[in-house]
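Structure record follows, encoded as structure tokens.
The values are calculated or read from the model by the stated rules, or taken from the named source; none is laboratory data. Note that this is a predicted model, so its numbers are computed, not measured. Heads up, the Cβs are rebuilt from the backbone with ideal geometry, glycines too, and the neighbour counts pull from every protein chain shown.
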């Protein structure tokens, strides 16, 4: 027994998971305090606006997230550091151009977005463009930290961001700035976080080197990998955020606000299991023997089901209690949606874990699986949107199809003994 405990304490993968899980747990608590506190401070309509903006940001941030996964994968598998630094800097410059273009597009389209999502002002969308730019600066630096397994610095940075976002949101909303204040709080938190992590990253990687010119031939392989990441990231982010935007478009503002409150709680499942995925990605090596990668996946699945399964059961058994404690009794009218939404987020989290594992191995088979699932959810939502529960069922259908296809893929790969899984 003592020998087993000793081996567990020396397991680097489990140790990194423990560090990142503790940090992620603190971050998850702070992140979700942001939502219930604002849910109580703001009107239902204003809260719906904030959740729509956050969901929209998550969709846009997919573009930046592509480069994060690429950088983590490069750093984790690096052989010649100098050569890889050049590649990362080229990707950094390329991503900067895309981010500036996206931010400018948001600003130009802000009047249209205000009308489409039924907002009272277009100013929150200006804040959204700034958040996207600062998010780009943070993402590349966090990717380096994750790639070199510096989960301590990464966790501290995320805690600073989450606590700063919460504190400034409360102050600004209390001052009467409503959804604009809640979103502006994120900008302030991002600036503070960058001031902490940037000097830490600079010791091993300098992003201020602008002498590097983009060699398209050199980054062609990584951009191809990026297209795979884009497809899978769009799929996962769509499954856990797009329902809020669809409800905001099809239903009245008060309904969208109430639905957003329930969705916020269900998303806890996705974020409390996020630490497992965060450690899995840099732990999977392209040159590892198949058995080593499979062992890491099994450990990850065990941790995932322990954390995610417990949370799912709790949310399904005590929805009224959870909702009343977290965001107040105003949202109890939709308490019946929490078990179903929790199941959706549980399936989405499994999909996310398996996608990241196969992304680390650069397995392109998952792209059509992701496309089929998203297409199913979108088509079903377009055809059937009589009530919010219909939107959840449509998304559950898409998530179930993806989960089944991924299961079939893993069974096939195990049967052939492929080194790619």
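Among the residues of region 55-67, not a single one is more than 21 Å from the chain's Cα centre (by Cα), part of a helix (DSSP H, G or I), at negative phi and modelled with pLDDT of 80 or more. Look through 287, 295 and report the one residue that is under 30 Å from residue 226 (Cβ atoms) and not in a helix (DSSP H, G or I). Answer to the check: 287. Surrounded by fewer than 18 Cβ atoms within 10 Å (Cβ to Cβ), without any contact (Cβ under 8 Å) to a residue 60 or more places away in the chain and either in contact with a strand residue (DSSP E or B) (Cβ under 6 Å, 6 or more places away or on another chain) or in a loop (DSSP other than H, G, I, E, B) (or both): is that true of residue 363 in this structure? It is true that residue 363 is surrounded by fewer than 18 Cβ atoms within 10 Å (Cβ to Cβ), without any contact (Cβ under 8 Å) to a residue 60 or more places away in the chain and either in contact with a strand residue (DSSP E or B) (Cβ under 6 Å, 6 or more places away or on another chain) or in a loop (DSSP other than H, G, I, E, B) (or both). Against the numbered list (1) touching a helix residue (DSSP H, G or I) at 6+ places or on another chain (Cβ under 7 Å); (2) within 22 Å of residue 131 (Cα to Cα), residue 199 comes up short only at (1). For region 223-230, the criterion of being modelled with pLDDT of 80 or more and either part of a loop (DSSP other than H, G, I, E, B) or surrounded by 21 or more Cβ atoms within 10 Å (Cβ to Cβ) (or both) is met by at least one residue.
Based on what the data block shows, is residue 271 more than 30 Å from residue 89 (Cβ to Cβ) and at pLDDT 85 or above? Considered against the rule, which asks whether it is more than 30 Å from residue 89 (Cβ to Cβ) and at pLDDT 85 or above, residue 271 comes out as no. Do you know which residues across region 251-271 are assigned to a helix (DSSP H, G or I) and surrounded by fewer than 22 Cβ atoms within 10 Å (Cβ to Cβ)? Correct list: 253, 254, 255, 271.
All told, residue 197 falls short of being under 21 Å from residue 104 (Cα atoms) and part of a helix (DSSP H, G or I). Scanning region 323-343 for residues that are within 23 Å of the chain's Cα centre (by Cα), crowded, with 21+ Cβ neighbours inside 10 Å and modelled with pLDDT of 85 or more yields 323, 337, 338, 341, 342.
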